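What follows is a single structure, written as structure tokens, with notes after it.
The values are calculated or read from the model by the stated rules, or taken from the named source; none is laboratory data. Remember, predicted model here, so these are calculated numbers, not experimental data. Virtual Cβ from ideal backbone geometry, glycine too; neighbours counted across all protein chains shown.
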Amino acid sequence: MKNELARRLGALVVATLLLALVPLATSDYALHIAIQILLWGFVYTAWSLMGKFGLVSLGHGAFLGIGAYASPLLWNYAGLTPWLGIPIGILAAMLLALIIGYPCFRLRVVGHYFALVTLALSQVALLTIVAARDITGGSLGMTPKAVGHSWYALQFPEKPYFYAIALAVWVFGILIWHFVDIGKGRAALDAIAEDEGAAAAIGVDVMREKLRVTLASAALTAFGGALLSQYFMYVNPDTLSGIGVSLQIVFAAIAGGMYSALGPTAGGLFTIALPEILRVTMGTNFVGAANTIYGALLVIFIIFMPRGVIGLIESRLAAAPARKISKEPAA
Amino acid sequence: MAADQNGQRSLGEGAMLTLCNISAGYGSFRALFDVSLEVGAGEAIGVVGPNGAGKSTLMRVISGMLRASSGELVFEGRPLTHVPAHRIVEAGIAHVPEHRRLFARLTVEENLRIGAFLPQARRHYVERSEWVYALFPRLLERRRQLAGTLSGGEQQMVAIGRALMSKPKLLLMDEPSAGLAPLVVDQVFDLVRRIREEGYTVLIVEQNLQQVLDVVDRAYLLEVGRIRLSGLSAELKKNPAIRKAYIGL
Amino acid sequence: MDIYLFEAIINGILLGGVLALLALGLNLIFGVIDVVWICYAELVMCGMYMIFWLHSFFGWPILLASFAAILGVAGLGVLLHLLVISPILGSAPINQLLATGGMLFFLQSLATLLFGTDFRNIGVRLPLIELGDIFISYSRLLAFGTALIGAVALYLFLSRTYLGIAMRAIAQDREIMGLMGVDQRRVYLITSAVGGALAGLAACLLVLQYDVHPFIGLSFGPITFMICVLGGLGNMIGGFIAAFVMSQIIAVGGYYFSIEISYVLAFVFFIVLMFIRPQGLLAR
Ligand SMILES: Nc1ncnc2c1ncn2[C@@H]1O[C@H](COP(=O)(O)OP(=O)(O)OP(=O)(O)O)[C@@H](O)[C@H]1O
Ligand SMILES: [Mg+2]
């Protein structure tokens, strides 16, 4: 266990140092893409904390939206610094997760039911934001009052600042992922994913384990949403909440591979860079063309690579030595 | 194995169903090893053996629920080895599966309707259902009852009736007496006799060795996926090994 | 009673008809094939565009265009099954859910590509019916009547025909359907076609009341899912009733507050009911 932890941490430290060098070498545009990949990668990692244990939430758009709106709203209307606004948003998201999660888990709402209940949740979050248009700006979105470079307002017009923040947050997300992966709750969660009734029968506190991972996932997602709105200096309900976003989160995590630490981030690479590339190559002549191809690719991904890209690579790597070993006794 | 020589009836081309070296299994697990067997038209054949011998697996292979990994299956001169289940019913083989497997939330009548799903059977639905109800008058009273609410014996009647609705030439029955009270078991075997008298060819799997040997002409003994013995039922009844191991005498 | 409230209630009942139709289709597909088409409302959107296209662009009479759209969406349902669902019938439910979710994205973008994001209108507006002081939109009445007829027809199909009975049976025991002479793949295809046709029918009714745009599916897709869960997934009668309950909440809530708030209310009601009756309104 200790060795395993050291190995995983070592790899992460090396990766972080390499990534920290990126701003030295690239343009603002590349940094802009990189920041998005890291922040979204963080959100996708947060989703996969639940997803890999069979808790398929299509409601993360709601948590993201709460996080994204809370601090700009508090900043604009109450002058509250994001240093307080962001934690408040996170708490609100956790509260919502509790309100939805508790009945769902108590009543054993699982599988399709859970997915559909949470799907409805994400749409309701969007509708609430739109309905409160007097303060949220409705579907037009809103902008936090800009004050220029400020630690107090957490606003940095210069990209490298946000790149550093995004990188730190992303590393934090990966650490949490590992923490859950080798933590005590892992076996319990695996048992629950396998067979909830059987897990309960052998003494696993199903409710507590599920709620813990759900609250953690919601909190991290809201945190990611807050940083995204802070970075873009603009929030709108369609890009940071609702069904579309929920689906995007799930796709990315699946496409990258939700059973691997770097899978969701690879998904971020896919969902951020691919539409960007498609948009650049197709130009603006065909509105929707890029998204159409993107949608088709998603479907193809799910059909042919159910364990995601990283999952596929890992199983290839694992299979290669195994094949060598199995040959020996035969020869 | 002495009984082997006595047991062979010469069937020649007359065999309705022929299995030749059939092997089958689940994933990497093999449940049947080179099983060969023949059923002549109009015969009643038993397959007996201990739990886990592969009897149900054999039935599943014949009715197409499970694919044979090797070997050949010929029914009335037509090879049926890799034909899907719904085509096998069309060819005239009906299967009363293990544990009855009724559609619990459909009525008795609807269960019979499903049994007559094939176009060729639909045409004769009315007369077939009348015939089945004549065979099981109990079911007529309970036509509109949900199948899941019937007693075990009644459910077995529906399961057999449902299979008969397709007007099969060969009826496969997998442990029709399982889980029934002794009195009801007698009724089930009476029923098998009656179905025989109606001219059906029957292949029946049973644990109830004593009683099944009274009903069938010949039987095969299956053990760990292999045919150990086969012969006329009268001879098998006298076989000391069988008496000792299975009848408990 | 307030006359406008009464009007809202009547309109709620009429809206319930269309929602019930959608819930029926989704429940049918879930009941038989055991998958949820997340993109179901997007199929409706495709149907609406088909009608718009055939009617406004090619000048087909509205009835003919509607009929073609029903067939067209039925065809889309079959295609969806063949291309997306059947390759992953054996994989985890989440993957099936996501594959159809990907189709949602794909269909939205494709519609944007083909038609742009403009709101399109077929230009047919049916008159309002005046009953004393109450105004009822004729198109809603038509929608309600058609939905009712559709529901009755589906009920008769499922209870009287061989195929219908087989569709109900298949959810109870997939493995032995073959022994009954039922070709499962064929039943799945027919179910997909019927599910698609119901979406097409809903499209015909909705196109009379609403403008078409690529994202219109989002305005009634989620509510349809809530209705299905509320009624018990796969339970047609439950879904049918839930459709009317939800549409009342939306209509009356919309009367007292705003339309968005009314959806939020519907959702709150939904969550509360999930507390009380997790397996759906009509669970035993
Ligand atoms: N679906 C399955 N998957 C894996 N193995 C199976 C499956 N069905 C049966 N088996 C195995 O195949 C072997 C034969 O099973 P089968 O059901 O044919 O036995 P049987 O002779 O019918 O037994 P019984 O008298 O208890 O019904 C057993 O070892 C069983 O464990
Ligand atoms: Mg058996």
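A few notes on this one:
- Qualifying position, being in a loop (DSSP other than H, G, I, E, B) and either in contact (Cβ under 8 Å) with a residue 12 or more places away in the chain or closer than 24 Å to B:ALA41 by Cβ (or both), among B:GLY153, B:GLY199: B:GLY199
- Being facing chain A (nearest Cβ under 8 Å) and either over 19 Å from the mean Cα position of the chain (by Cα) or closer than 20 Å to C:SER139 by Cα (or both) is not true of C:LEU64.
- When we screen A:ILE303, A:ILE310 for residues that are within 11 Å of chain C (Cβ to nearest Cβ), more than 25 Å from C:GLY116 (Cα to Cα) and in contact with a helix residue (DSSP H, G or I) (Cβ under 7 Å, 6 or more places away or on another chain), the only hit is A:ILE303.
One line per residue, one yes/no per condition, for (1) modelled with pLDDT under 85; (2) over 15 Å from the mean Cα position of the chain (by Cα); (3) more than 16 Å from ligand 1 (Cβ to nearest atom); (4) among the β-branched types (Val, Ile, Thr):
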residue: B:VAL212; (1), (2), (3), (4): no, no, no, yes
residue: B:VAL215; (1), (2), (3), (4): no, no, yes, yes
residue: B:ARG228; (1), (2), (3), (4): no, yes, no, no
residue: B:LEU236; (1), (2), (3), (4): yes, yes, yes, no
residue: B:TYR246; (1), (2), (3), (4): yes, yes, no, no
residue: B:LEU249; (1), (2), (3), (4): yes, yes, yes, no
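- For segment B:72-89, filtering for residues that are within 10 Å of another protein chain (Cβ to nearest Cβ) and among the aromatic types (Phe, Trp, Tyr) leaves 0.
Listed here are the residues, each with its yes/no results for (1) of a type in the set (D, E, K, R); (2) away from ligand 2 (no atom under 16 Å from the Cβ); (3) over 20 Å from C:GLY178 (Cα atoms).
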| residue | (1), (2), (3) |
| --- | --- |
| B:ALA121 | no, yes, no |
| B:ALA159 | no, no, no |
| B:ALA178 | no, no, yes |
| B:VAL216 | no, yes, yes |
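- Selected residue (only one of C:PHE257, C:PHE240, C:PHE267 is away from chain A (no Cβ under 14 Å) and either over 30 Å from A:THR292 (Cα atoms) or touching an Asp or Glu at 6+ places or on another chain (Cβ under 7 Å) (or both)): C:PHE240
- Single residue of segment C:74-84 satisfying the filter (surrounded by 21 or more Cβ atoms within 10 Å (Cβ to Cβ) and of a type in the set (A, V, I, L, M)) that is nearest to the other protein chains (Cβ to nearest Cβ): C:VAL84
- Condition broken by B:SER63, with the remaining ones in (1) closer than 19 Å to B:SER28 by Cα; (2) of a type outside the set (A, V, I, L, M); (3) within 14 Å of chain C (Cβ to nearest Cβ) satisfied: (1)
- Selection within segment B:125-142 - within 14 Å of chain C (Cβ to nearest Cβ) and either farther than 11 Å from B:LYS167 by Cα or exposed (fewer than 15 other Cβ atoms within 10 Å of the Cβ) (or both): B:VAL126
- Meets criteria (more than 14 Å from every other protein chain (Cβ to nearest Cβ), within 16 Å of ligand 2 (Cβ to nearest atom) and at pLDDT below 90) for B:GLY49: yes
- One residue stands out among those in segment B:19-35 that are at pLDDT 90 or above and among the hydroxyl-bearing types (Ser, Thr, Tyr): the one that is nearest to ligand 2 (Cβ to nearest atom), which is B:TYR26.
- Qualifying residue in segment C:146-154 (condition: of a type outside the set (D, E, K, R), closer than 18 Å to C:TYR210 by Cβ and either away from chain B (no Cβ under 14 Å) or surrounded by 15 or more Cβ atoms within 10 Å (Cβ to Cβ) (or both)): yes
- The residues on offer are B:ALA3, B:ALA94, B:ALA104, and the sole one that is of a type outside the set (Val, Ile, Thr), within 22 Å of C:ILE176 (Cα to Cα), modelled with pLDDT under 90 and away from ligand 2 (no atom under 16 Å from the Cβ) is B:ALA104.
- Here B:VAL83 meets the list (1) within 16 Å of ligand 1 (Cβ to nearest atom); (2) over 17 Å from the mean Cα position of the chain (by Cα); (3) within 21 Å of B:LYS169 (Cα to Cα) almost entirely, failing just condition (1).
- Among the residues of segment B:90-122, just one is surrounded by fewer than 23 Cβ atoms within 10 Å (Cβ to Cβ), among the small types (Gly, Ala, Ser) and within 7 Å of chain C (Cβ to nearest Cβ), namely B:ALA104.
- Segment C:90-128: number of residues that are within 10 Å of another protein chain (Cβ to nearest Cβ) and either among the basic types (Lys, Arg) or under 20 Å from C:PHE57 (Cα atoms) (or both): 8
- Within segment C:242-261, tally of residues that are in a helix (DSSP H, G or I) and either surrounded by fewer than 21 Cβ atoms within 10 Å (Cβ to Cβ) or touching a strand residue (DSSP E or B) at 6+ places or on another chain (Cβ under 6 Å) (or both): 11
- Residue check for C:ILE38: within 18 Å of A:LEU58 (Cα to Cα), under 13 Å from the mean Cα position of the chain (by Cα) and crowded, with 20+ Cβ neighbours inside 10 Å: yes
Here is a yes/no grid of residues against (1) touching a Leu at 6+ places or on another chain (Cβ under 9 Å); (2) more than 16 Å from ligand 1 (Cβ to nearest atom); (3) closer than 30 Å to B:GLY49 by Cα:
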| site | (1), (2), (3) |
| --- | --- |
| B:ARG123 | no, yes, no |
| B:ARG143 | yes, yes, no |
| B:GLN155 | yes, yes, yes |
| B:ALA163 | yes, yes, yes |
| B:LEU171 | yes, yes, yes |
| B:LEU180 | no, no, yes |
| B:VAL185 | no, no, yes |
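- Entirely in segment A:189-303, the helices (runs of 4 or more DSSP H) that have 1 or more residues that are crowded, with 22+ Cβ neighbours inside 10 Å: A:206-232, A:237-240, A:243-256, A:263-268
Okay, residues lined up against (1) surrounded by fewer than 24 Cβ atoms within 10 Å (Cβ to Cβ); (2) in a helix (DSSP H, G or I); (3) modelled with pLDDT of 85 or more; (4) within 14 Å of chain C (Cβ to nearest Cβ):
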site	(1), (2), (3), (4)
A:TRP47	no, yes, yes, yes
A:SER57	no, no, yes, yes
A:ALA62	no, yes, yes, yes
A:GLY67	no, yes, yes, no
A:PRO72	no, yes, yes, no
A:ILE88	yes, yes, yes, no
A:LEU98	yes, yes, yes, yes
A:PRO103	yes, yes, no, yes
A:TYR113	yes, yes, no, yes
